[in-house]
Amino acid sequence: MKKNTISIVVPCYNEARTLQAFVAEILAVQAQLPKVFLELILVNDGSADETLGVMRALASEHPNRISYLSFSRNFGKEAAMLAGFEHAAGEWVAVMDADLQDPPEMLLEMHQLITTTEYDVVATRRVSREGEPKVRSLFATMYYKLNNLISDVKIEEGARDYRIMTRPVIEAILSLPERNRFSKGLFSWVGFEVKYLEYPNIERQAGETSWSFTKLFDYAIEGLISFSDVPLTLASYVGLLTFVMAFVYGVYIVIRTLIFGAATPGWPSLAVLVVGMGGLQLLCLGIVGKYIGKIFIENKQRPMYILKEVHLHEEDDKA
Ligand code: UDP
Ligand code: MG
């Protein structure tokens, strides 16, 4: 562990146009934090643009400060964060996006809080979503509500990955072996004392968000499935409920036939029942399938990322 060092892990996917500005901002923050050293661990998550080239240039420009890891392909932000954590040696570890949507100057307050208070984690929460499509915000709000209703692991609404953590927290996160990594959930699952700082949304510096609606939707499902088995329970309850309803309806039909004679042509209700039940079964099967899929992936024990290039910054005793 490196004393008085904050390792800042930066997952980067097609960030060639933002990295330079990002590093400049970090240096500006460093100037205001004389007592602590900020080291950067840039993780190139299989970018298709010049990101790796920019990283190499930045690393040779700041040989004592910048390390970079480069994946063999795009493994996703979760994998990039994990790789960064595994290579972070600082007394504190921070995660920050490369696109300057996470204001670097907040590091000052975060560092201040984590050193002078009992908090083990200082995290951030976005309190507005300006500049984001309305539907996306709506779905996000609904999602947090649903998650916190059915999952034991609560997620603060608008919580960002942007945070600073002490060594024990990082060790705890690294001790979780799962391959389906939903960081927002893992961060919450490990516990510790967390302080949330709030800030309004800031639009991306350059480039584009790499999250399409479907990608976000999958990520949301991933979060629910990784931390809750309520959907499975729900499926069995709904199944039981419909079975009871069908049974009662069946009894009713028998009695009605006995009293009023031969059945009236009842095909519409029959059709509704058949379709309804079919749909229900598929839904429950789908939910079960999702979980089996997760087990399948976990079971393979594949590495969460593959490194193609690693460059660690030089150790400087004065650092
Ligand atoms: N990112 C990544 N791998 C991916 C997608 C994104 O490492 O597959 C990084 C990206 O470079 C950025 C951060 O994760 O630093 C957040 O991504 P983005 O800004 O696209 O998401 P948003 O801020 O819109 O949620
Ligand atoms: Mg962003």
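The values are calculated or read from the model by the stated rules, or taken from the named source; none is laboratory data. None of these values were measured; they are calculated from a predicted model. So basically every Cβ, Gly included, is an ideal-geometry build from the backbone, and we count neighbours across all protein chains shown.
Figures for the structure shown
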read-out	value
Test: residue in region 202-222 that is over 23 Å from VAL135 (Cβ atoms), surrounded by 16 or more Cβ atoms within 10 Å (Cβ to Cβ), more than 15 Å from the chain's Cα centre (by Cα) and within 16 Å of ligand 2 (Cβ to nearest atom)	yes
Filter pass, ILE26 being surrounded by 24 or more Cβ atoms within 10 Å (Cβ to Cβ), of a type outside the set (Ser, Thr, Tyr) and away from ligand 2 (no atom under 16 Å from the Cβ)	no
Residue that is nearest to LEU38 (Cα to Cα), among those in region 265-319 that are at pLDDT 85 or above and basic (Lys, Arg)	LYS308
Exclusive hit being farther than 30 Å from GLY90 by Cβ and touching a Pro at 6+ places or on another chain (Cβ under 6 Å), set ILE255, ILE295, ILE225, ILE287	ILE287
Meets criteria (of a type in the set (Asp, Glu), surrounded by 15 or more Cβ atoms within 10 Å (Cβ to Cβ) and either in contact (Cβ under 8 Å) with a residue 40 or more places away in the chain or within 16 Å of ligand 2 (Cβ to nearest atom) (or both)) for GLU156	yes
Of residues in region 109-147 being away from ligand 2 (no atom under 16 Å from the Cβ) and in contact with a Pro (Cβ under 9 Å, 6 or more places away or on another chain), the one nearest to PHE85 (Cα to Cα)	ASP120
Residue in region 51-60 that is under 16 Å from GLU309 (Cβ atoms), within 16 Å of ligand 2 (Cβ to nearest atom) and of a type outside the set (A, V, I, L, M) present	yes
Cross-chain or 6+ apart pairs with Cβ under 7 Å, region 190-211 first and on the phi > 0 side of the Ramachandran plot, then within 10 Å of ligand 2 (Cβ to nearest atom)	GLY207/GLU15; GLY207/THR18; GLY207/ASP99
In region 117-147, the residues that are more than 15 Å from the chain's Cα centre (by Cα), closer than 20 Å to TRP189 by Cα and free of Cβ contacts under 8 Å to residues at least 60 places away in the same chain	LYS145
Single unsatisfied condition, GLY261 versus (1) in contact with a Cys (Cβ under 7 Å, 6 or more places away or on another chain); (2) on the phi > 0 side of the Ramachandran plot	(1)
Residue ID - nearest to ligand 2 (Cβ to nearest atom), chosen from residues in region 62-108 that are of a type in the set (S, T, N, Q) and not in a loop (DSSP other than H, G, I, E, B)	SER70
Failed item, numbered, when ALA16 is tested on (1) assigned to a loop (DSSP other than H, G, I, E, B); (2) in contact with a Lys or Arg (Cβ under 6 Å, 6 or more places away or on another chain)	(2)
Filtered residues of region 87-101 (kept if within 15 Å of ligand 1 (Cβ to nearest atom) and farther than 14 Å from TYR68 by Cβ)	ALA94, VAL95, MET96, ASP97, ASP99, LEU100, GLN101
